[in-house]
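Structure, as structure tokens:
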Amino acid sequence: MKFSIKLVLSTMIVLALALGFSGFYFVNYVFETSLDREVGQALDESSILSFAFETAALNVPLKYSVLPDSVVEEIASKLEMGGQGGGRLLRIADEEKNVLYTSGGFSADEGLLLQTDQHTKSYRVIRAQDSFYVHTCVSVNALNRILYLETMKDVTGVFTERALGFSLYRKVTVVILLTATVIMLFIASLLTKPIRLLTRATREMAAGDYTYRARQISRDELGQLTGDFNRMANALEENICKLEEEIEAREEFMGAFAHELKTPLTAIIGYADMLRSHKLDEEKSIMSANYIYTEGKRLEAMSFRLLDIIVAKQDEANLQETSVGELFAYLREMFAEKKDTDIRFVCEEAVVWMEANLIKTVLVNLIDNACKASESNAAPKADSKVAMDSAGSGMAGVDGIGGKAADQKRADMVGVSEASVSGGRTGVVEVTGQVVDGGYRIAVKDYGIGIPEAEQNKIVKAFYMVDKSRARSKNGSGLGLALCAEFLKIHHSELRIESKEGEGSCFSFLLP
């Protein structure tokens with residue numbers, strides 16, 4: 001059963017009960033008031049008749065010391081005929097409660113007579129056939145006799161009015177209920193419209209339309225519910241989109257993984273088959289073995305990188321206070337023997353919250369990528385001293401210091417690589433660290449081939465390579481930046497990429 005129908009039925013039941021009880025109370029109150037008035041009139045009339053009887057008895061000739069029964073009957077007859085329309089119903093009994101006179105049509109039993117004594121006045125309402133009467137009984141003292149006078153007053157009209165009142169009220173109640181039902185159906189339809197809209201929205205979303213939203217048409221509790229439902233639907237849509245993106249990314253990952261496995265395995269199997277099935281000279285054998293070794297090492301590196309990414313997604317960092325100077329000293333020592341690229345380290349001393357091993361891995365990957373990207377471009381004409389001065393003046397510009405203060409700032413730096421401009425260096429990589437608002441920023445900048453703008457949001461995906469042939473020639477697998485992104489997530493940070501094709505790239509991140 002629909003909620004609106006339930007609402008209408010429950011309202012009508014309450015309304016019917018309210019009208020029924022109130023109608024019964026009202027009609028019955030009017031009836032009891034009218035009946036009390038009739039009873040009062042009957043008692044007053046009984047008192048008047050008793051007084052009239054006593055007065056008539058006083059007019060009896062003095063020859064009677066005791067009022068005879070014949071005189072009683074005569075007085076009673078006159079009293080009976082003296083009423084309006086001449087038709088009183090009365091009955092007179094003697095001291096022994098033996099009936100002396102009875103009007104025609106007086107049908108009451110003697111129960112009330114037997115209950116009445118000379119000191120009381122009593123009454124009751126009785127039904128005789130299809131009529132209702134007020135039956136009264138009172139004692140009369142006439143000429144040394146105690147008589148009992150009974151009367152019957154017709155009050156059928158009062159009961160008839162009550163029956164008519166109930167009948168009319170029932171009709172009025174039925175009309176009110178029918179009218180109220182129509183009105184309540186309309187009101188219930190308006191009140192439940194937000195529920196119908198929510199129901200439709202849930203059906204549409206269950207059918208797969210996650211963009212459908214319920215229309216908010218009120219500001220009451222149902223309107224608030226609609227707003228909450230729409231907010232829930234937005235969150236649900238976002239989660240579903242994320243899940244779909246994750247599924248798509250997982251499928252892309254599996255496809256790329258299968259493809260990346262296929263390439264080196266094909267080379268390994270091909271050259272191994274050549275060694276197995278052909279007798280080769282020493283040079284070709286060494287070349288084939290070298291291909292097998294190289295591709296095997298690439299598979300090994302890719303396996304370790306994949307394992308690191310899986311562990312990074314499941315692990316939490318054990319952050320500790322670490323000196324940036326020690327971190328940069330490690331990097332200078334790590335890349336000290338790299339002769340084909342000029343790597344310049346400039347940092348502002350600070351203590352940073354990090355897991356040193358993970359950040360070292362991130363920076364090693366970024367520097368290694370920058371070196372590979374710089375091999376194709378010529379280095380800018382600048383020596384170590386110029387790099388030091390420019391970095392120092394850059395710091396001064398940022399921190400708002402100059403002159404001696406700038407010199408002091410440069411004195412606080414943790415060293416620059418002792419690189420000379422002589423030799424066969426073909427590229428420059430700058431690794432900088434400085435305190436900024438919100439944390440410590442570390443950046444790795446190169447002046448190499450750069451990254452197309454359309455590719456910049458994709459390069460942190462596993463196995464994604466801008467130039468696959470060039471990456472494979474450098475023994476790359478497309479997992480380094482993906483690993484960096486995962487390690488930075490553990491530090492509640494992210495990799496920021498600024499690059500322009502043909503001019504170089506800058507990879508940076510912020511640590512607390």
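The values are calculated or read from the model by the stated rules, or taken from the named source; none is laboratory data. Just so we're clear, the structure is a prediction, and the values are computed from it rather than from any experiment. Note: ideal-geometry Cβ built from the backbone for every residue, glycine included; neighbour counts use all protein chains shown. With ligands, DNA and RNA removed, areas are computed over all heavy atoms of the protein, side chains included. Shrake-Rupley method; radii C 1.70, N 1.55, O 1.52, S 1.80 Å.
Tell me yes or no: at least one residue of segment 93-109 is of a type in the set (S, T, N, Q), at pLDDT below 90, over 25 Å from Ala163 (Cβ atoms) and open to solvent by 90 Å² or more (accessible area, probe 1.4 Å).
No, because not a single residue in segment 93-109 is of a type in the set (S, T, N, Q), at pLDDT below 90, over 25 Å from Ala163 (Cβ atoms) and open to solvent by 90 Å² or more (accessible area, probe 1.4 Å).
Search segment 138-175 for residues being among the acidic types (Asp, Glu) and touching a strand residue (DSSP E or B) at 6+ places or on another chain (Cβ under 9 Å), and hand back the single one that is surrounded by the most Cβ atoms within 10 Å (Cβ to Cβ).
Checked segment 138-175; the qualifying residue surrounded by the most Cβ atoms within 10 Å (Cβ to Cβ) is Glu150.
Go through (1) in a helix (DSSP H, G or I); (2) at pLDDT below 75; (3) of a type in the set (D, E, K, R) one by one and return the number of the condition Lys372 breaks.
For Lys372, the exception is condition (2).
Give me the pairs, please: first residue somewhere in segment 9-25 and surrounded by 14 or more Cβ atoms within 10 Å (Cβ to Cβ), second residue anywhere and assigned to a helix (DSSP H, G or I) and among the β-branched types (Val, Ile, Thr), beta-carbon distance under 6 Å, and either six or more positions apart or on two chains.
Met12/Thr181; Leu19/Thr173
Can you find a residue that is touching a Leu at 6+ places or on another chain (Cβ under 9 Å) and among the charged types (D, E, K, R) anywhere in segment 95-114?
yes
Can you pull out every residue in segment 333-351 that is of a type outside the set (A, V, I, L, M) and at pLDDT below 90?
Glu333, Phe335, Glu337, Lys338, Lys339, Asp340, Thr341, Asp342
Got at least one residue in segment 483-498 being among the charged types (D, E, K, R), more than 20 Å from Met254 (Cα to Cα), at pLDDT 80 or above and not in a strand (DSSP E or B)?
Within segment 483-498 (the criterion being among the charged types (D, E, K, R), more than 20 Å from Met254 (Cα to Cα), at pLDDT 80 or above and not in a strand (DSSP E or B)), the answer is yes, since at least one residue qualifies.
Would you list the strands (runs of 3 or more DSSP E) that sit entirely within segment 89-136 and hold 2 or more residues that are hydrophobic (A, V, I, L, M, F, W, C) and more than 25 Å from Val71 (Cα to Cα)?
121-128
Within segment 72-92, how many residues turn out to be modelled with pLDDT of 85 or more and either more than 20 Å from Asp154 (Cα to Cα) or open to solvent by 20 Å² or more (accessible area, probe 1.4 Å) (or both)?
8
Of the residues that sit in segment 207-242 and are in a loop (DSSP other than H, G, I, E, B) and of a type in the set (S, T, N, Q), which one is surrounded by the most Cβ atoms within 10 Å (Cβ to Cβ)?
My answer is Gln216.
Inside segment 325-360, can you point out the residues that are crowded, with 18+ Cβ neighbours inside 10 Å and within 21 Å of His492 (Cβ to Cβ)?
Matches in segment 325-360: Leu327, Val352, Met354, Glu355, Leu358, Ile359.
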